[in-house]
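Here's the structure we're looking at; comments come further down.
The values are calculated or read from the model by the stated rules, or taken from the named source; none is laboratory data. It should be emphasised that the depicted structure is a prediction, and the values quoted were computed from it without experimental measurement. Note that we place each Cβ from the backbone using ideal geometry, even for glycine, and neighbour counts take in every protein chain shown. The area values use the complete protein model at the heavy-atom level, side chains included, leaving out ligands, DNA and RNA. Shrake-Rupley method; radii C 1.70, N 1.55, O 1.52, S 1.80 Å.
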Amino acid sequence: DTAVSQTPKYLVTQMGNDKSIKCEQNLGHDTMYWYKQDSKKFLKIMFSYNNKELIINETVPNRFSPKSPDKAHLNLHINSLELGDSAVYFCASSGGLSGYSPLHFGNGTRLTVT
Amino acid sequence: RKEVEQDPGPFNVPEGATVAFNCTYSNSASQSFFWYRQDCRKEPKLLMSVYSSGNEDGRFTAQLNRASQYISLLIRDSKLSDSATYLCVVYGNNNDMRFGAGTRLTVKP
């Protein structure tokens with residue numbers, strides 16, 4: 001029944017490792033996002049996809065690579081993890097590009113890099 | 001100037017109080033606006049959309065002032081369960097959903 005689900009919920013790893021976070025939505029939405037929430041609680045957009053096409057790519061290190069195999073999935077792969085990558089990563093979806101459709105969030109992935 | 005700015009918190013109010021938050025945005029082309037609520041260690045959840053004419057949902061009232069580029073949220077008769085961080089969200093264009101830093105509210109008995 002979960003509308004937007006992301007896994008894993010917690011991820012603890014060492015610097016230099018590569019990790020992936022998966023996200024799936026069953027709302028039939030066309031648009032999916034990745035947001036990062038840092039220790040100061042500020043939510044910052046990282047990427048946005050619409051129907052598998054990259055729409056927004058904020059100033060994010062190229063160690064972060066999103067992949068959308070279909071419009072219901074948007075995964076995030078992170079190479080060579082750094083301490084500063086520690087944050088909560090939220091996946092979200094919305095009904096379209098118009099902006100009148102609000103965001104629906106997954107429950108977050110808390111990434112800790114040691 | 002930040003794209004979306006909110007009142008600095010925290011707001012500490014007694015139960016039953018009325019509290020208001022403001023949020024200003026820099027992009028005059030912004031098309032739609034929302035208030036989200038985020039509980040500690042949880043995901044943000046939609047509280048309400050903000051319409052041009054203003055809108056109300058129970059104890060919550062949202063207003064939009066396009067001329068001055070701000071939106072507001074008014075909470076009447078605060079409950080303990082209203083304690084959370086309130087996030088202002090502004091949609092510019094091209095899938096550009098921008099969040100404010102949030103205003104933390106604590107309602108005390």
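What to note about this one:
- When B:Leu105, B:Leu80, B:Leu87 are checked against the criterion of being over 21 Å from A:Ile45 (Cα atoms) and within 14 Å of chain A (Cβ to nearest Cβ), a single residue qualifies: B:Leu105.
The rows are residues; the columns are (1) farther than 21 Å from B:Glu3 by Cα; (2) within 15 Å of the chain's Cα centre (by Cα).
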site	(1), (2)
B:Ala17	yes, no
B:Asn27	no, no
B:Gln31	no, no
B:Trp35	no, yes
B:Met48	no, yes
B:Asn55	yes, yes
B:Asn65	no, yes
B:Ile75	yes, yes
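- Yes/no for A:Ala92 being out of contact with any helix residue (DSSP H, G or I) (no Cβ under 8 Å at 6 or more places or on another chain), more than 14 Å from every other protein chain (Cβ to nearest Cβ) and open to solvent by less than 40 Å² (accessible area, probe 1.4 Å): no
- When restricted to residues that are surrounded by 20 or more Cβ atoms within 10 Å (Cβ to Cβ) and either modelled with pLDDT of 95 or more or outside any loop (DSSP other than H, G, I, E, B) (or both), the range B:83-103 contains 11.
- Residue within the range A:5-23 that is under 22 Å from B:Arg37 (Cα atoms), in contact with a Ser or Thr (Cβ under 9 Å, 6 or more places away or on another chain), at the interface with chain B (Cβ under 10 Å from one of its Cβ atoms) and assigned to a loop (DSSP other than H, G, I, E, B) present: no
- Test for B:Ser26: is it touching a residue at least 60 places away in the same chain (Cβ under 8 Å) and out of contact with any Ser or Thr (no Cβ under 6 Å at 6 or more places or on another chain): no
- Residues considered: B:Thr24, B:Thr61. Of these, the only one that is away from chain A (no Cβ under 12 Å) and over 23 Å from A:Ile45 (Cα atoms) is B:Thr61.
- Residue in the range A:52-63 that is in contact with a strand residue (DSSP E or B) (Cβ under 8 Å, 6 or more places away or on another chain) and away from every other protein chain (no Cβ under 14 Å) present: yes
- Selected residue (only one of B:Ser49, B:Ser68, B:Ser81 is out of contact with any Leu (no Cβ under 6 Å at 6 or more places or on another chain), small (Gly, Ala, Ser) and within 28 Å of A:Tyr33 (Cα to Cα)): B:Ser49
- Looking at A:Ser101, A:Ser39, just one residue is open to solvent by 20 Å² or more (accessible area, probe 1.4 Å) and either within 11 Å of chain B (Cβ to nearest Cβ) or in contact with a helix residue (DSSP H, G or I) (Cβ under 6 Å, 6 or more places away or on another chain) (or both), and that residue is A:Ser101.
- Listed by position, the strands (runs of 3 or more DSSP E) enclosed by the range B:1-82 that each have at least 3 residues that are open to solvent by less than 40 Å² (accessible area, probe 1.4 Å) and farther than 24 Å from A:Ala3 by Cα are B:19-25, B:60-65, B:70-75.
- Residues of the range A:44-83 satisfying the condition of being open to solvent by 50 Å² or more (accessible area, probe 1.4 Å), over 21 Å from A:Leu103 (Cα atoms), of a type in the set (A, V, I, L, M) and assigned to a strand (DSSP E or B): none
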